[in-house]
Amino acid sequence: MKRLWHRAGRQILVTVALVGAVLAFFFWPLPKYIEGPGGADDLKSFVSMPGHADKRSGKFMITSVALAQARPASYLYAKFNPTFSVESADTVTGGESNATYDRVQNFYMQSAINESIYTAYKAADKTVSRQYLGIYVLNVAKNSPFVKSLKVGDTVTKVNGRHFNSMVGYQHYIQKQEVGQRATVTYQHAGKTREATAKLMTLPGTKKAGIGITLTDNVKVTAKPKVTVNPGNIGGPSGGLMFSLQIYTQVTGKNLRQGRKIAGTGTVDSNGDVGEIGGIDKKIIAAKRAGATVFFAPYVKPTKLLLKYEEHHQTNYQLAKSTAKKYAPNMKVVPVKNFKDAVNYLEK
């Protein structure tokens, strides 16, 4: 009888261990992330402009990269699937918590939407204005004198009582001050105005003064006719170009698509210039799966200095074209430097 109980006990332990191993294989989180082809969503459902509905055939599509924390199973799958990649946590989140990373990505998306509206309305010769709110805090260095006051997501509106209309203005002013000099920073945190005073630090790699933050512009855009853009769960700045095309189509009433499914990616700034992004190879595959026949890819000419240190550097356009040649040979990849390049291509 005892032998039967011992045998049954061992079987139970073995079964529990096997079940635990299987669960761990599929669900145990690893300090890595898996990136792969995401979706290609129709922008008609994102952009609302009363009196200017988009009822024409065809689609402008925003492409995305699927991102998930790695598990042993997904890690192995990504290692053997050339359309997926394994990335370190620092590469993806910059060492920030998931909540902070999501907050920054949401800001990038809202910023992209604002610049898209401004670009589209300006190109359409419609009423639009930009209000510079201040510098958005993307990161606070651990050795920053302001680390206990400024947080990711805050907006600095003044330094020593002075407001500037670009982050460059703030940078130039602060760098003219002496290292160790006390400075008062006025900022918005959770909708409330606050102030913090501390000594300016030496910026890494320079002898210039700084407050120890990574920053970008925070701008509010107002347009007539009114337009609302709801990006859903998509974050990041890379949808700028495609949002601009959708908004421009609706505000002008032009039939740029001619029934085609058109995808693409790239940031856009207030001058309409298109910037490079990450994961364009995965976005090409997402566009192919959604039936796109045209894909707009950013082209930024690499500098001699960049090529000196990255001998085999590929532009977004080069990587997109080589990926399409392999996975989507019937899709036309179009290089764009500026919003007008995309419009001109579609009009011709």
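The values are calculated or read from the model by the stated rules, or taken from the named source; none is laboratory data. Bear in mind that the values here come from a model prediction, so they are computed numbers and not experimental data. As a convention, Cβ positions derive from the backbone with ideal geometry for all residues, glycine included, and neighbour counts pool all protein chains shown. To get the accessible areas, we keep the full protein, side chains included, count just its heavy atoms, and leave off ligands, DNA and RNA. Shrake-Rupley method; radii C 1.70, N 1.55, O 1.52, S 1.80 Å.
Quick look at the values:
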read-out: Over 26 Å between alpha carbons, listed pairs Lys59/Lys321; Lys301/Lys325; Lys220/Lys321; Lys59/Lys326; Lys261/Lys304; Lys122/Lys283; value: Lys220/Lys321; Lys261/Lys304; Lys122/Lys283
read-out: Kyte-Doolittle at least -1.0, axis length at least 24 Å by Cα - qualifying DSSP helices, the chain; value: 2-27, 98-123
read-out: Accessible solvent surface per residue of the chain, calculated while the other protein chains remain in place, 1.4 angstrom probe, Å²; value: 56
read-out: Heavy-atom accessible area ranking, 1.4 Å probe, most first, across His313, His172; value: His172, His313
read-out: For the chain, calculated [θ]222 nm from helices alone, where every DSSP H run of n ≥ 4 adds -39500 (n - 2.57); value: -11500 deg cm²/dmol
read-out: Computed P(r) (all Cα pairs; the stretch 45-156; 5 Å bins; percent); value: 2, 8, 12, 15, 13, 13, 13, 11, 8, 3, 1, 0
read-out: Radius of gyration and maximum dimension Dmax of the stretch 11-50, Cα, Å; value: 21.1, 67
read-out: Within the chain: Cβ-based charge dipole about Cα centre, in debye rounded to nearest 20 (Lys, Arg +1; Asp, Glu -1); value: 540
read-out: Taking N as its residue count, the alpha carbon Rg of the stretch 186-234 over 2.2 N^0.38 Å; value: 1.81
read-out: The chain, relative contact order in percent, only Cα pairs under 8 angstrom and at least six apart counted; value: 21
read-out: Size of the stretch 104-202 as Cα extents on the principal axes (Å, biggest first); value: 49, 26, 23
read-out: Normalised convex hull volume, the chain, alpha-carbon set, Å³ per residue; value: 220
read-out: Hull volume in cubic angstrom per residue (convex hull over the Cα atoms of the stretch 239-296); value: 77
read-out: Gaussian network model of the chain, springs between alpha carbon atoms under 10 Å - residue of Ser48, Ser57, Ser144 with greatest fluctuation; value: Ser57
read-out: Carbon plus sulfur fraction of accessible area for the chain, probe 1.4 Å, in percent; value: 53
read-out: Most fluctuating residue given options Lys126, Lys44, Lys59, as computed from a GNM of the chain linking Cα atoms under 10 Å; value: Lys126
